[in-house]
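Working notes, beginning with the structure itself.
The values are calculated or read from the model by the stated rules, or taken from the named source; none is laboratory data. Being a predicted model, the structure only gives us computed values, none of them experimental. No Cβ is skipped: glycine too gets one built from the backbone with ideal geometry, and neighbour counts run over all protein chains shown.
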C-alpha cells in the first residue's frame, strides 16, 4: 500500500513519455500493491507549479501490457490510495469524423462500451453498487483542459462520443463504417472500464483524446497503421504536456461536482450482509459510506 508521504492531487494516466514534463520537480517513484493486484507500473510522483501529481503508464514502461490485459482496477485504486481526486486520461484515438483531424485534440463527454472481457467494477463477490454514469466525464476537469488547450493554440473540439473497442486489433472496415453511422467521434481501446472505475472510486475523470488517424473508414486516407500512429503521437505528446500543465490549476478549485458523491446512495447491499473481508478489500472506497462494523460481526 502507499505510504503516508506518497500523496498527489491529480493523477495522469497515459504513456511513459508524459513523465518528462517541463517543470516536474521532486520526482520519486512509488511501487504499490492493491487488493486487486499490482498496477501497470510504479507511480511517478512529483510537483508541477506547486501542484502534486502522480503519473501512471497505462501500458507499463516499454508498452508491455495490451488493452485487454491492463489491470484497470489496480490502476484506479493505486491513484486513489495516494490521495488523487482528479484523473486526466491521455489517450491516442482514431478519428471517426472528417472535421476531427489527426493532430487535433478532442475532449469527449460520452462513452460507448464495446469491450467484451474486462472486469468493470470494484463491487462484486458479495457486494452490489450501482453508480450513476449518465455523464461519465467531469465537466470541471474537462473544462480546465479545454481552456488550457485553447491557451496553447490547439485545434480543440469540446464534447463528443468515445467508442471503446476490445482490441488489440484495429477495426475492420465494416465495423468502422457501422460506428460512423452511430455518430461516434473517436475510437480507442483503453478508456473503459477506466472511466467507470474512476466514478466508483468517486474520482473526477476527464479524457484528453489525441487523434492519430482516421481509422479505416476514410476513402482517401490510408488505413490506420502503427507507423502512422507513432509519427502523429510524437507531435501529440508534446502538445499534451503543455495542455496538462495549463490545466493543473483545477487542483486548487473545490470539488463541487457530483463525482465525489457517486457512492452516497449506490451501495444496495445491507451493511450487515457485507463480509469483513469485503469491507477490508474495499475500505478505501467505502470508509465514508458504511457504518462501522459491530464487534463480533463476521
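Of 197, 145, 233, 177, all but one fail to be touching a residue at least 40 places away in the same chain (Cβ under 8 Å), in a helix (DSSP H, G or I) and loosely packed, with under 15 Cβ neighbours inside 10 Å; the exception is 177.
Suppose the filter is buried (at least 17 other Cβ atoms within 10 Å of the Cβ), touching a strand residue (DSSP E or B) at 6+ places or on another chain (Cβ under 6 Å) and on the phi < 0 side of the Ramachandran plot; does residue 137 pass it? Let's see the steps before the verdict.
On the way: buried (at least 17 other Cβ atoms within 10 Å of the Cβ): yes; touching a strand residue (DSSP E or B) at 6+ places or on another chain (Cβ under 6 Å): yes; on the phi < 0 side of the Ramachandran plot: yes.
Judged against the criteria, residue 137 is a match.
Restricting the range 155-174 to residues that are outside any strand (DSSP E or B) and within 20 Å of the chain's Cα centre (by Cα), the residue that is nearest to residue 65 (Cα to Cα) is 168. Within the range 256-275, which residues are within 24 Å of residue 143 (Cα to Cα) and either buried (at least 19 other Cβ atoms within 10 Å of the Cβ) or touching a strand residue (DSSP E or B) at 6+ places or on another chain (Cβ under 7 Å) (or both)? Answer for the range 256-275, where residues must be within 24 Å of residue 143 (Cα to Cα) and either buried (at least 19 other Cβ atoms within 10 Å of the Cβ) or touching a strand residue (DSSP E or B) at 6+ places or on another chain (Cβ under 7 Å) (or both): 257, 259, 262, 263.
Okay, residues lined up against (1) assigned to a helix (DSSP H, G or I); (2) within 23 Å of residue 50 (Cα to Cα); (3) without any contact (Cβ under 8 Å) to a residue 60 or more places away in the chain:
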| site | (1), (2), (3) |
| --- | --- |
| 237 | yes, yes, no |
| 240 | yes, yes, no |
| 245 | yes, yes, no |
| 248 | yes, yes, no |
| 251 | yes, yes, no |
| 255 | no, yes, no |
| 265 | no, no, yes |
| 278 | yes, no, no |
| 284 | yes, no, no |
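Filtering the range 16-44 down to residues that are without any contact (Cβ under 8 Å) to a residue 40 or more places away in the chain and farther than 28 Å from residue 230 by Cβ, which residue is surrounded by the most Cβ atoms within 10 Å (Cβ to Cβ)? Step by step, filter the range 16-44, then rank; the result is 33.
If you go through the range 93-115 one residue at a time, how many are touching a strand residue (DSSP E or B) at 6+ places or on another chain (Cβ under 9 Å), surrounded by fewer than 22 Cβ atoms within 10 Å (Cβ to Cβ) and more than 22 Å from residue 255 (Cα to Cα)? Of the residues in the range 93-115, 11 are touching a strand residue (DSSP E or B) at 6+ places or on another chain (Cβ under 9 Å), surrounded by fewer than 22 Cβ atoms within 10 Å (Cβ to Cβ) and more than 22 Å from residue 255 (Cα to Cα). Is it the case that the range 150-172 has a residue that's under 30 Å from residue 290 (Cα atoms), surrounded by 16 or more Cβ atoms within 10 Å (Cβ to Cβ) and modelled with pLDDT of 95 or more? Checked against the condition, which is being under 30 Å from residue 290 (Cα atoms), surrounded by 16 or more Cβ atoms within 10 Å (Cβ to Cβ) and modelled with pLDDT of 95 or more, the range 150-172 yields no hits at all. Checked against (1) within 23 Å of the chain's Cα centre (by Cα); (2) at pLDDT 95 or above, residue 180 passes all but condition (1).
If I go through the range 63-79 residue by residue, how many of them are surrounded by fewer than 22 Cβ atoms within 10 Å (Cβ to Cβ) and outside any loop (DSSP other than H, G, I, E, B)? Matching residues across the range 63-79 total 4. When 17, 60, 11 are checked against the criterion of being in a helix (DSSP H, G or I) and touching a helix residue (DSSP H, G or I) at 6+ places or on another chain (Cβ under 9 Å), 17 stands alone in meeting it.
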